[in-house]
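The next block holds one structure in the form of structure tokens; read it before the comments.
The values are calculated or read from the model by the stated rules, or taken from the named source; none is laboratory data. Given the structure is predicted, the values throughout are model-derived calculations rather than measurements. Methodologically, a virtual Cβ is constructed for each residue, glycine included, from the backbone with ideal geometry; neighbour enumeration extends over all protein chains shown. These accessible areas exclude ligands, DNA and RNA; they are computed on the full protein's heavy atoms, side chains included. Shrake-Rupley method; radii C 1.70, N 1.55, O 1.52, S 1.80 Å.
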Amino acid sequence: MDWIIPLLSPVASFPLTALAELKGTLAFLRSSLSAFDFKSKKKKRRGVVGFCEVKMLWIKRFSGLVSAAMVLIVLSPSLQSFPPAEAIRSSHLDSYLRLHVPAGAGLSLDRFSFRKAPTFRNAGECGSGESEIPAGISVCDPNLVHVAITLDVEYLRGSIAAVHSILQHSLCPESVFFHFLVSENNLESLVRSTFPQLNFKVYYFDPEIVRSLISTSVRQALEQPLNYARNYLADLLEPCVHRVIYLDSDLVVVDDISKLWTTSLGSRTIGAPEYCHANFTKYFTASFWSNRQFSAAFAGRRPCYFNTGVMVIDLVRWRRVGYTKRIERWMEIQKSDRIYELGSLPPFLLVFAGHVAPIEHRWNQHGLGGDNVRGSCRDLHPGPVSLLHWSGSGKPWLRLDSKRPCPLDALWAPYDLYGHSH
């Protein structure tokens, strides 16, 4: 069970009583799991049944840390995975905003109070000692790892947790530079107060740039202009930034982000985990597939679904080819011909599907949002984990606040800095 330690390292900040309870939980799980051989295909179904029995027992015995305990079983690669879920925003967040942010009130920093994160320093093997790190590092420093994340009212809590997780697991956290895309003007001070030592820059994305290109979607939340800011990274970021990792706000990284940064893209412009077993046709309307002019876009390609919430992007090649214009062209076609129902995902699929550098699935264990309406929870896909992604309709902070969390939400909670320190 050593593989679970990196995921649980943030529990060092838990109260001592909670740590003691968690220790007992781990001991019980170790003894319970000893009866199952998860490596044996013959015993796979038996292992799943055993998991349910252990799970039910813990629901009866504990209320607080039961989710963290069950996670240790859920992470087993022998469990059945669910189909990929689109990285879409939940309509339930609209009601959350109406409750917490009155219409026309704007963003009040008092409503979003975050605890100050601990200071994260580079390890000795990062190439420079602590005293040699410049106070104001340049965004053009060739040794930096560049990460782009959006900041908005709906996902602010998730974005802060994502940044915290990246710093927590980076060998060289001071070598990570964050590019925050915003449509609000007063978020920089909040980020600085939460992460005083963070290397970052805030980029204002004008909603009017894309508003006229956005068509109605299956959910109103998908029509938010900031969802499309990733299309303009090559224009927003400095020309000296040649590569960037784009991350959604509803995820946490539980591995060193530099491993994802060094992924080879070969001749491709973007890299992402692909899911070729997914039904690719469902991402477009019947009228799209019946129109040969449109469907010919995939001629000569073997398109696979990929989640745009985790991408490594070669900005040099993007700028040279002009992919932003290509994406905008498909959005214009959508306005008149209705070729898809989702938001910002389909244009990316139209331009890049079949031309994506494959990245290990461990870097986007997505779909953990499940279905918040029915109260369903998702398990992880089989295999190792480097990034946990709550794409789907349920978000961990909302489920935790409502006292109806899914088991895997316990892995997000340690990175949550929301609220005043006690």
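Checking the table K201/K325; K116/K259; K259/K335; K201/K259; K259/K403 against a 32 Å threshold on Cα-Cα, which pairs fail? Could the numbers behind the result be given before it?
Working: K201/K325 25 Å; K116/K259 27 Å; K259/K335 39 Å; K201/K259 23 Å; K259/K403 35 Å.
Beyond 32 Å: K259/K335; K259/K403.
Which sequence of V316, V202, V182 reflects their accessible areas, 1.4 Å probe, from the largest down? Don't skip to the end; give the middle numbers.
Working: V316 60, V202 40, V182 0 Å².
Per-residue accessible area, sorted high to low, gives V316, V202, V182.
From the residues C304, L417, S402, which one has its Cα farthest along the dipole of the stretch 298-422 in the positive direction, the dipole being from +1 and -1 charges on Cβ of Lys/Arg and Asp/Glu about the Cα centre?
Farthest towards the positive end: C304.
Can you pull the accessible area of K201 for me, 1.4 Å probe, Å² to the nearest 10?
For K201, solvent-accessible area is about 80 Å².
Between the stretch 387-419 and the stretch 149-178, how far is it from one alpha carbon centroid to the other, in angstrom?
So the separation of the two Cα centres works out to 15 Å.
Tell me which residues come under 5 Å, amide H to amide H, from L387 once H is placed; ignore anything under 5 positions away on its chain.
V254, N364, Q365
Pull up all non-local amide H partners of S376: gap of 5 or more, or a different chain, and H-to-H distance under 5 Å with H placed in the peptide plane.
D371
Between K403 and S290, take the C-beta separation as r, use R0 = 45 Å, and let me know the FRET efficiency to the nearest 0.05. Let's see the in-between values first.
Working: r = 48 Å, r/R0 = 1.06.
Plugging the Cβ-Cβ distance into 1/(1 + (r/R0)^6) gives 0.40.
With a 1.4 Å probe and all protein chains in place, put Y228, Y418 in order of accessible area, largest first.
On the way: Y228 10, Y418 75 Å².
The ranking, largest first, comes out as Y418, Y228.
Enumerate the amide H contacts of V244 below 5 Å, restricted to partners 5 or more residues apart or on another chain; note that Pro and chain-start residues carry no placed amide H.
Distant-sequence amide H within range of V244: I313, L315.
Which order do you get for K395, K335, K403 if you rank them by accessible area with a 1.4 Å probe, largest at the top?
Sorted descending by solvent-accessible area, the residues read K403, K335, K395.
Quick one: with all protein chains in place, what share of the accessible area of the stretch 250-329 is carbon or sulfur, to the nearest percent (1.4 Å probe)? Walk me through the intermediate numbers first.
Details: 1750 of 3650 Å².
Answer for the stretch 250-329: carbon and sulfur cover 48 percent of the accessible area.
Report the local net charge at E274: Lys and Arg +1, Asp and Glu -1, summed over other residues whose C-beta lies under 14 Å from its C-beta. Before the final figure, lay out each step's value.
On the way: positive: R268, R301, R302, R362; negative: E360.
It works out to a net charge of +3.
Hey, what do the phi angles of the stretch 327-332 turn into as Karplus ³J(HN,Hα) couplings, whole Hz, using 6.51/-1.76/1.60 and θ = phi - 60°, x for Gly and Pro?
5, 4, 4, 5, 5, 5
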